[in-house]
Amino acid sequence: MYPFERFTADAKKVLTLAQVEAERSGRPYIGTEHLLLAMLDPDAGAAYRILTRLGIELDMVRVATREVLGASPHAPMTDLIPTTRVKRVIELAFEQGRRMAIPFVDSTFLLLGLVIEGESIGAKVLEQLGAPSERVIAEVVSELGRSESDQTPGVSVIEPQRFREVMSSFPSGVVIVTAFGHDGEPRGLTVNAFCAVSLEPPLALACIDKLSNTLPAVRHTDGFTANILAAGRESLARLMATKAEDKFKTLDWRRSDAGGGPVLEHDVAAYVVCTLKETIEAGDHWILIGHVVEGARIPDVTPLVYGRRDYFDL
């Protein structure tokens, strides 16, 4: 199975509720019908919205499922194991995400995986209730379009350029987020959206553009390193903001025994190494929440500061 942290909050909710539904049904497994029932919880996010627009309701699915499976066997409760079809649905969800260059799976992709698999009880119930795969897929495409715009009809929002200008007046440190790709080579990009989240446990977050070449590396590494750049490293910050393939060619870096990505110890005022704890989709970025497992401050080194589209030494 895939690591649990690859799922967004709503996808995790679906998987958790599917187990609850399986226990309620008295069956000794977690099936696709339980996934479908879980998707009809309001906390299931996009999948719930899609199914609701299609006219699919929780009670309808319960009745249809009972008609297909018959009465509950009320089997003794043991460790509930997902069926092979559930595992295939999850595989398809990740596969569709990869095709769209999205490294994490939300409830939309679980629903998409369910109808693409097509042969399971969950898919058959949807078809029986008037939501065959082509209708579901059309609604999924529509939902993904809505999430891209992420706007409420009739509500005015600030123009992206104006928003960028406003936020540039909030100075920040400059961080290079690093990780290792499938080929073992280092990847990295410059961000200024980085901050501490919690002291106990120690958590930090970084925001990364969905189109970043570093995102797949973060996924592969299952973590990242946040290198807080030292004063005078403006040229490095600008280099890492590009999509050049040889950005690490002339850099000195080391691997951390704790994981994460390259530590640029000769170019930083401090650094933290994180294992990936949670991911949250937010507009055109992913919020990566990391559990800090290693870190250090370099004595007598001041950080680089960014504000109003320029770099400054503190």
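The values are calculated or read from the model by the stated rules, or taken from the named source; none is laboratory data. Not measured: the values here are computed from a predicted model. With ideal geometry, Cβ positions are generated from the backbone for all residues, glycine too; neighbour counts draw on all protein chains shown.
I'm checking my understanding of the structure. Among residues of region 266-284 that are in contact with a strand residue (DSSP E or B) (Cβ under 8 Å, 6 or more places away or on another chain) and not in a strand (DSSP E or B), which one is modelled with the lowest pLDDT? Looking at residues that are in contact with a strand residue (DSSP E or B) (Cβ under 8 Å, 6 or more places away or on another chain) and not in a strand (DSSP E or B), I get D284.
Where helices (runs of 4 or more DSSP H) sit wholly within region 32-147, those with at least 3 residues that are surrounded by fewer than 22 Cβ atoms within 10 Å (Cβ to Cβ) and of a type outside the set (A, V, I, L, M) occupy 46-53, 58-69, 84-99, 121-128. For region 16-40, the set of residues classified as touching a Phe, Trp or Tyr at 6+ places or on another chain (Cβ under 7 Å) and at pLDDT 90 or above consists of M39, L40, listed by residue number. The set of residues from region 206-246 being in contact with a Gly (Cβ under 7 Å, 6 or more places away or on another chain) and either modelled with pLDDT of 95 or more or surrounded by 21 or more Cβ atoms within 10 Å (Cβ to Cβ) (or both) comprises T214, A217, T221, G223, F224, T225, I228, M240. Scanning region 280-314 for residues that are of a type in the set (S, T, Y) and under 30 Å from the mean Cα position of the chain (by Cα) gives a single hit, Y306.
Give me a count of the residues in region 1-14 that are surrounded by 16 or more Cβ atoms within 10 Å (Cβ to Cβ) and part of a helix (DSSP H, G or I).
The initial filter retains those residues of region 1-14 that are surrounded by 16 or more Cβ atoms within 10 Å (Cβ to Cβ), namely 5-8, 10-14.
From the residues that got through so far, the ones that are part of a helix (DSSP H, G or I) too are 5-6, 10-14.
Adding up the residues that qualify gives 7.
To keep it simple, each residue is scored yes or no on (1) more than 30 Å from F163 (Cα to Cα); (2) charged (D, E, K, R).
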residue: G232; (1), (2): no, no
residue: K243; (1), (2): no, yes
residue: W253; (1), (2): yes, no
residue: A269; (1), (2): no, no
residue: E278; (1), (2): no, yes
residue: R297; (1), (2): yes, yes
residue: T302; (1), (2): no, no
residue: R309; (1), (2): no, yes
residue: D313; (1), (2): no, yes
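Annotation note: Cβ proximity below 9 Å between a residue of region 71-91 that is in the same structural domain as L36 (by TED's automatic domain parsing) and of a type in the set (A, V, I, L, M) and a residue that is exposed (fewer than 11 other Cβ atoms within 10 Å of the Cβ) and at pLDDT below 70 (sequence gap 6+ or interchain) occurs for I90/M1. For region 157-168, the set of residues classified as outside any helix (DSSP H, G or I) and either touching a strand residue (DSSP E or B) at 6+ places or on another chain (Cβ under 7 Å) or modelled with pLDDT of 85 or more (or both) consists of S168 only. In region 15-26 there is no residue that is surrounded by 14 or more Cβ atoms within 10 Å (Cβ to Cβ) and basic (K, R).
Scanning region 235-253 for residues that are outside the structural domain of M100 (by TED's automatic domain parsing), β-branched (V, I, T) and touching a residue at least 60 places away in the same chain (Cβ under 8 Å) turns up nothing. Answer with yes or no whether K249 is over 16 Å from G184 (Cα atoms) and surrounded by fewer than 23 Cβ atoms within 10 Å (Cβ to Cβ). No, not satisfied.
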